[in-house]
Structure formats: structure tokens, C-alpha cells
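Each remark here refers to the structure printed beneath this line.
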Amino acid sequence: MDHPHPCDEKSCTIFSDKQANTKRILASDALPLPVGFTNKLFLCIFCATSYFLLGRWSEKKKVGIPLHSLSLLEIIAVIAQISSIIYLWAFFGIVYVQAHIGKGDDERENIVGTAMMVRAMPYPSPSPAPLVSTPRTKVIVNGQMLRENSNEDIAHAVATGKVPSYVLEEALGDCSRAAFVRKLAVEMMTGRSLESLPLQGFDYASVLGQCCEMVIGHIQIPVGVAGPLLLDGIEYMVAMATTEGCLVASTNRGCKAIHLSGGANSILLQDGMTRAPVVRFDSACRAAQLKFFLEDAGNFEMIAIIFNKYVLICFPSCVHCTQC
């Protein structure tokens, strides 16, 4: 894209006129709401959260609950109070900043002028995407070489199984195009958009034959696709982010074997999470006493009550002790 020359007289004149008509910037302009309304809002938030937290802490002292044990509502109140304190503390400096903001107008105009000149400078054209060596695999689609077809036709051939996904890089001779076509084929097979998966800005030739196969994009590391995996009667395309060579290829062979054998069925035996606290004693006998105490079913209810005072996101279901 061509850019106007930064030093022509017409451009400089227009820029000077815009500078003369620029409205003076105030520090309070950064607020999304009027200053008066914002001040009242944060003052009310501070008073309401302070009253709520003081009341809750008084109740905790009466029943002996630790003050640092917070419920979800109390956490929200603490965050809101901290936010209001930060705002109210910082707001008193806005008037001072506004009184001195005009002193730097000349410097600001120089900075803006320099920035406009930099933006007007022509940008270098991007380098072409790296190509792999001349393709050795000859794949014919619609009576012509694979690389001579449109991306949509190639993606349709991959989605229907006419063209293996793993030959795209060698058959097309362009790793970036191969990743784009494979991503489009996955969208056709799954009926879901992969627009949020980045494709541009990655050197796909650098991972070819090195650390990832059948690439469809990148999230810091290359993302390959294996499948379809037939699980519980439903086909899934499995995206795998990895730099381990042959991992996606071996997973894809496993998915193919599962599919040819009729698919796999799954069942959920238990849904939960584990916590593994460590308690240290001076002697093995003392550790054994705690082990016997925890494994006693009559003590489980008391353990659960104490556990729930400090952990709010889960509830104990069983206790297993190991002495080491």
C-alpha cells in the first residue's frame, strides 16, 4: 500500500490546521462516565462494602470462624472495596494534573508530529511465505495436479477422504497453504468455525518433519489434528498442541484403529479431585496414631466440618492415609 510522502507542503499544512483545532485534553476525559456520577458511585461502593465486611467479621468473631476464611460474596466485596479505595485515592490528583497538563502542549505536538511522519513512511513489503522443495508426491484431483486446484476443492477432497491430510505439504509445496487447507477441511468435517485459531505469523516450514504433523494453526506451539476418533458413537477431531515428533501421527493411527474396530465406549466411574496434605511428626508412632484417627469412620464428620471451614470449592467424600 502506498503512503503519502511525509514532507510535502500540503500534508504538513493540513496537519498544522488539525493541531490548531484540537480540543484540550483533560485527565477526567479518561473516565467512561461523568466525573460527578463516578465519584458518587465509588463512594457508595466504599461505604456499602465497608459496612458489609465489618458486619460479617463481627459475626465470625462470635462463632469463632477465622477472619481469612472468605465466602464468594465476601471476596467480591473485598475486591470492590479495594477498587473504590484505589479510585478515590487516585482521583484527588486529577485536578493537579489538569492544572499542569497545558505546560506540555508544545512537546506533545512535537511528539505527535514525529509519530505522523513515521506513520507516513512506506512500509517494506512482507517477505513471501517459505516454500518447501519441489513436490515429489503427485496427487491428481479433478483431472489436474493437486496444487493447481482451489483451496476449497482441495479441502473438500481431504474432508471426503480422497486426499490424505498428511501429503498436503509435499503435494502443494507450500507449508502455509497446506495448513490453511487442512484447517478448512477440519471446519468442513466438524461444521464448526476455527476462526479463533491463529494461522498467520508462523513459519510452518520450520516444523515440517521436526516436531508436529498435520498442522492447522498455532497457539505458541504448533497444533496438529488427529482423527476422527469414534467415541460413544460420535466422531471427534482431536487437536493436539505439541512439539514432540510423531506424537500426532501415532495418535492418528490409534484413532484410525479404533474407528475400524467399531469405535470406543466410555464410562465415568467417579468425578472429583484429590488433595494431598503432608503432616510431619517426630516419631513414626505419633504418625501412626493420626493415621488410625483419620481412618476411623466415626471421626469423618468432624474432619469434614474442619475441612469445610477452610476450603469453599469442594467437600470431602473420603480420606486415605499413607504413612511414609
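Things to note:
- Kirkwood estimate for the range 277-324, i.e. one over the average of 1/r between Cα atoms, Å: 11.8
- Debye log10 I(q)/I(0) for the range 140-260, one point scatterer per Cα, at q = 0.09, 0.15, 0.20, 0.23 Å⁻¹: -0.22, -0.64, -1.15, -1.46
- Sparse packing (at most 16 other Cβ atoms within 10 Å of the Cβ) combined with a DSSP loop state is found for the following trypsin sites (Lys or Arg not before Pro) in the range 280-313: Arg280.
- Cα pair distances in the range 231-310, grouped into 5 Å bins until the bin that holds the longest one, percent each: 3, 9, 12, 12, 11, 9, 5, 5, 11, 17, 6, 1
- At R0 = 35 Å, FRET efficiency that the Cβ-Cβ distance of Thr243 and Arg275 yields, to 0.05: 0.65
- For the range 140-260: relative contact order, % (alpha-carbon pairs under 8 angstrom, 6 or more apart): 18
None of the figures in this text is laboratory data; all of them are computed from the coordinates on show. All values derive from a computational prediction rather than experimental measurement. With ideal geometry, Cβ positions are generated from the backbone for all residues, glycine too; neighbour counts draw on all protein chains shown.
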